[in-house]
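Down below is the structure, laid out as structure tokens.
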């Protein structure tokens, strides 16, 4: 494959750091545009780094200096205003524009499983998802009107060694190790796909520069399905403890903390089973191999090696106590 010139707007997040590293491994020329402030995941070695405030169009225009790219990937576009800025910046200057949407945009509750790319987009519970849907609508309209070369990618729950999937992050692990109850939504039985960022990157980078993806939406998820109870036990096993799980309804969580509750009512409380046939047909190399048992050990090992990252949120810790006691 001819090397591509790829611009990642962002480039140091969970998905983008793995994707940019994979792109470099495959011989592409990678440029990262960000504020240069993230130290948790250093920029991939070999990538060019441009420093700019992505929310300041003049700053971005100055940093890019009229350059063109085969592919532009925006990892930090969350509202239609962000996407409209990209359309203005990159029209006639890019061969493919890739927008990172979210599998949480799919119909909630899902009326049919497995989820396919043609599943309707509707999430009345979570503003984050509705904003992603609005971004997709804008890109589809622009593709139809002007041919703007947009590809939409919908990740589900993608993680790396720094990403704890339980509510509360390290606070939840700290509670486990103290013997305090861990709050788990509903009965913990909804099925979930946790995708390691390195596995995701194989599928994602394989879509870049592929003309068959223009005007399309593709989701990329692991094939492994786990209940939230299984996820909790795998993290507890990695942490060397037995969890004391207390089940709290998603509705009660939402009443106590609307922001946290929106993610439950609009995503986690539903079993999300995905059909990955489309990404497999486009990227035959995509075959996730990192199960969450391995991923959980990687996460806990990283946090144990970085005690400075073991941050307990006292307000969240108190909220969990209140939810357990039924006083939230």
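The values are calculated or read from the model by the stated rules, or taken from the named source; none is laboratory data. Model, not experiment: these values are computed from the prediction. Note: ideal-geometry Cβ built from the backbone for every residue, glycine included; neighbour counts use all protein chains shown.
Yes or no, residue by residue, for (1) free of Cβ contacts under 8 Å to residues at least 24 places away in the same chain; (2) assigned by TED's automatic domain parsing to the domain that holds residue 240:
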{"residue": "104", "(1), (2)": "no, no"}
{"residue": "117", "(1), (2)": "no, no"}
{"residue": "121", "(1), (2)": "yes, no"}
{"residue": "143", "(1), (2)": "no, no"}
{"residue": "173", "(1), (2)": "no, yes"}
{"residue": "198", "(1), (2)": "no, no"}
{"residue": "207", "(1), (2)": "no, no"}
Mind checking which residues of region 106-137 are closer than 12 Å to residue 152 by Cα and either surrounded by 14 or more Cβ atoms within 10 Å (Cβ to Cβ) or touching a helix residue (DSSP H, G or I) at 6+ places or on another chain (Cβ under 6 Å) (or both)?
117, 132, 133, 135, 136
Name every residue in region 52-74 that is within 24 Å of residue 205 (Cβ to Cβ), surrounded by fewer than 23 Cβ atoms within 10 Å (Cβ to Cβ) and touching a helix residue (DSSP H, G or I) at 6+ places or on another chain (Cβ under 7 Å), in order of residue number.
52, 54, 60
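Among the residues of region 230-245, is there at least one that is within 19 Å of the chain's Cα centre (by Cα) and surrounded by 18 or more Cβ atoms within 10 Å (Cβ to Cβ)?
Scanning region 230-245, I find at least one residue that is within 19 Å of the chain's Cα centre (by Cα) and surrounded by 18 or more Cβ atoms within 10 Å (Cβ to Cβ), so the answer is yes.
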If a residue must be in contact with a helix residue (DSSP H, G or I) (Cβ under 7 Å, 6 or more places away or on another chain) and either closer than 18 Å to residue 116 by Cα or without any contact (Cβ under 8 Å) to a residue 60 or more places away in the chain (or both), how many such residues does region 278-287 contain?
4
When restricted to 205, 183, the only residue over 17 Å from residue 14 (Cα atoms) and touching a helix residue (DSSP H, G or I) at 6+ places or on another chain (Cβ under 8 Å) is 183
Applying the selection to region 177-223, what residues are under 29 Å from residue 311 (Cα atoms), within 18 Å of the chain's Cα centre (by Cα) and surrounded by fewer than 21 Cβ atoms within 10 Å (Cβ to Cβ)?
191, 198
Across (1) without any contact (Cβ under 8 Å) to a residue 40 or more places away in the chain; (2) in the same structural domain as residue 101 (by TED's automatic domain parsing), residue 216 clears everything bar (1)
Might you let me know whether region 277-295 holds any residue that is assigned to a helix (DSSP H, G or I) and either over 30 Å from residue 130 (Cβ atoms) or modelled with pLDDT under 95 (or both)?
yes
